[in-house]
Amino acid sequence: MMNDKSANDERLTADTQLVRDYLATVPRQTSLDADQRDELRNKIKDLLTAKRAVLVAHYYTDPEIQALAEETGGIVADSLEMARFGRDCEAELLIVAGVRFMGETASILSPDKKVLMPTLEATCSLDIACPIDTFAPFCDQHSDRTVVVYANTSAAVKARADWVVTSSIALDVIEHLKAKGEKILWAPDRHLGRYIEEKTGADMLLWDAACIVHEEFKAKGLFDMKALYPDAKILAHPESPSSVLSMADVVGSTSQLIKAACDLPDQTFIVATDQGIFYKMQQLAPEKKFIIAPTAGNDATCRSCASCPWMGMNSLEAMYDTLLNERNEVHVNEELAEQAMKPLRRMLDFSEPVSYTHLRAHETEADL
Ligand code: 13P
Ligand code: SF4
């Protein structure tokens, strides 16, 4: 009879393979075969070179897009480092593969650069759920509070804020403001807000919105999965519900989760964030096993639906068309951009750039 450990190992191998197989066959809205995709990738590379353009991609985009960014001298990063890289790189043309707030941030921080996106339709549930017409009066009603907004917001909401933060620095910024005796108005993600409130003890008034992707992670399913893989460490993005975060060994932004996956000595990780992150995790730690956290309980036909529909709109075809025709330029109202620049600068000035986002396979920070 098989003992528990080897049964678990077998299950683990099967699950890891499941993730790899899934990523390899993830349905793309395309009619192109492999050769045509290769050809398209090469055309995009040529256009990037000819136009001296740089591709700035988020960890949640299709692995094919992430690989293109890396191969062409662009960057794959979290939302904070995308913003910094876009601002600091020499290119005059930026192609931002992510969601709209990332394109808007790049445009605000780099007024002299042309910023294009494969699609301008790619938004974010947090941005949608925090419209400026209701957010501004809410701020006015609580004018004694410092307004801190997550980067996943519109330019208008950023323009109304004192601070913009990403999940990489949110905790540290709130600690800093709390130490100065400030009371906080936080928007829009309630899970991240509650997590920071609990960690820091700061006085925080929370807007009530959530990420439709992370909201789906289920504590019960995670509990069952952890029982199957008792040696696995749980990595969770702080947009996940508190019941999930309370089970996590590491809570952090996308880049912090990738760093944890590389730095921790453990071999197996259950990951509660968008599955696009597996590309970078497996590239940097090919010997480790990554399992996607469950979103739908044991009986569901899909193991996990952890895939942002808006990030998924960044296809190769859309990228080629955008580059060729210089379509989908991001425009931000000048007055709003000027106002939003202030809290965005604070965000970048508060944090040091991180080098590990540029790591290639088999490198570690010590190699740099
Ligand atoms: P990061 O800032 O961690 O990259 O997160 C952005 C995001 O949209 C998470 O859902
Ligand atoms: Fe927005 Fe969630 Fe998509 Fe991130 S994963 S861009 S928070 S909807």
Links exceeding 22 Å between C-alpha atoms in this model, out of 226/288; 199/280; 51/114; 158/280, come to 199/280; 158/280
Can you give the accessible area of residue 246, probe radius 1.4 Å, in Å² rounded to 10? 90 Å²
Cα extents of region 20-157 along the three principal axes, largest first (Å): 59, 35, 22
Under the rule of at least 5 residues apart or a separate chain, name every residue whose amide H is placed under 5 Å from the amide H of residue 233. 268, 269, 270
Which longest run of the chain has no exposed loop site in it, a site being GluC sites (Glu not before Pro) in a DSSP loop with at most 15 other beta carbons within 10 Å, and the site itself not part of the run? 122-286
Quick check: with the 1.4 Å probe, what order do 345, 37 take by accessible area, largest first? 345, 37
Which whole-number percentage describes the relative contact order of the chain, with Cα contacts under 8 Å and a sequence gap of 6 or more? 21 percent
Cβ-Cβ cut-off under 10 Å around residue 258, Lys and Arg +1, Asp and Glu -1: the net charge is 0
Please identify, among 61, 268, 49, the residue showing maximal mean-square fluctuation in a Gaussian network model of the chain using a 10 angstrom Cα cutoff. 49
Which of the aspartates and glutamates could a cross-linker span from residue 342 if the Cα-Cα distance has to be under 14 Å and same-chain partners fewer than 8 positions apart are dropped? 162, 334
Using protein chains only and a probe of 1.4 angstrom, how many square angstrom of residue 133 are accessible, to the nearest 10? 120 Å²
Net charge over other residues, Cβ less than 13 angstrom from the Cβ of residue 310 (K, R count +1; D, E count -1): -3
Any number yet on Rg/Rh for region 243-336, C-alpha, Kirkwood? 1.09
Karplus-derived 3J(HN,Hα) from phi for region 207-213 (6.51 cos²θ - 1.76 cosθ + 1.60, θ = phi - 60°), whole Hz, x at Gly and Pro, runs 6, 10, 9, 8, 7, 5, 7
Can you list residues whose amide H is under 5 Å from residue 205's amide H, if they're 5+ apart or on another chain and H is modeled 1.01 Å from N? 184, 185, 186
For the chain, give the magnitude of the charge dipole about the Cα centre (Cβ charges: +1 Lys/Arg, -1 Asp/Glu; no others), in debye to the nearest 20. 280 debye
Over 38 Å, how big is the tail of the calculated P(r) for the chain, in percent of all Cα pairs? 16 percent
Rg (Å, one decimal) plus Dmax (Å, integer) for the alpha carbons of region 79-147? 14.7, 43
Cα-derived Rg over Rh, computed across region 138-199 with Rh taken as Kirkwood radius: 0.92
Net charge around residue 95, counting only other residues with Cβ within less than 13 Å of its Cβ (Lys, Arg = +1; Asp, Glu = -1)? +2
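The values are calculated or read from the model by the stated rules, or taken from the named source; none is laboratory data. Please read these numbers as outputs of a predicted model, since none were measured by experiment. So basically every Cβ, Gly included, is an ideal-geometry build from the backbone, and we count neighbours across all protein chains shown. The protein model used for the area step is the full one, side chains on, heavy atoms only, and it has no ligands, DNA or RNA in it. Shrake-Rupley method; radii C 1.70, N 1.55, O 1.52, S 1.80 Å.
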